[in-house]
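Quick note: the coordinates plus some simple rules give every number you see, no bench work behind them. The structure displayed is predicted, hence computed values, not measured ones. Neighbour counts are summed over all protein chains in view; Cβ atoms, including those assigned to glycine, are modelled from backbone coordinates with ideal geometry.
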């Protein structure tokens, strides 16, 4: 069974903000010869990499609510401009909307067991409500 990650989407006020960021990073990665991928660089390398690479996704927390996910393709070492070794989480560019799931703030990323991961919206409710409305309803405890 796949293992997932959950991470705060710092700086994004909406799913549309996250989509714009992904589009920008994918274009940069294509220009730099990395291919059509979105990368998210983090300080710590996940110790459970094999489980993450067995169908795992990175679930994005936007304004305190998990609203979307991206499939994890690979984990690659990256050295920052400061010489510090980091890990690039290589992600499929497609952003899948999920059922809203409130999350408290945290630093870095956390493991997310498959049984605790929110379902994709397309699986349960077709297109569903706009993500921001879903997040507001979840915040009020109505979803």
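By the count of neighbouring beta-carbon atoms within 10 Å, fewest first, 23, 7 end up ordered 23, 7.
By how many nm would the segment from residue 47 to residue 27 grow when fully extended, if each residue of separation counts as 0.36 nm and the alpha-carbon distance is taken off? Could you put the intermediate results ahead of the total?
Details: separation 20, 0.36 × 20 = 7.20 nm, distance 2.94 nm.
Fully extending the segment from residue 47 to residue 27 adds 4.3 nm.
How high is the relative contact order of the stretch 3-139, given as a whole-number percent (alpha carbon pairs under 8 Å, six or more residues apart)?
Working: 259 pairs, mean separation 40.3, N = 137.
Here the relative contact order equals 29 percent.
Across the stretch 3-139, counting alpha-carbon atoms alone, Rg and Dmax equal 14.7, 46 Å. Residue order for 51, 115, 30, fewest other beta carbons within 10 angstrom first, comes to 115, 30, 51. With the simple model of a label 7 Å out from the Cα in the direction of the Cβ, residue 104 to residue 86 spans 2.7 nm.
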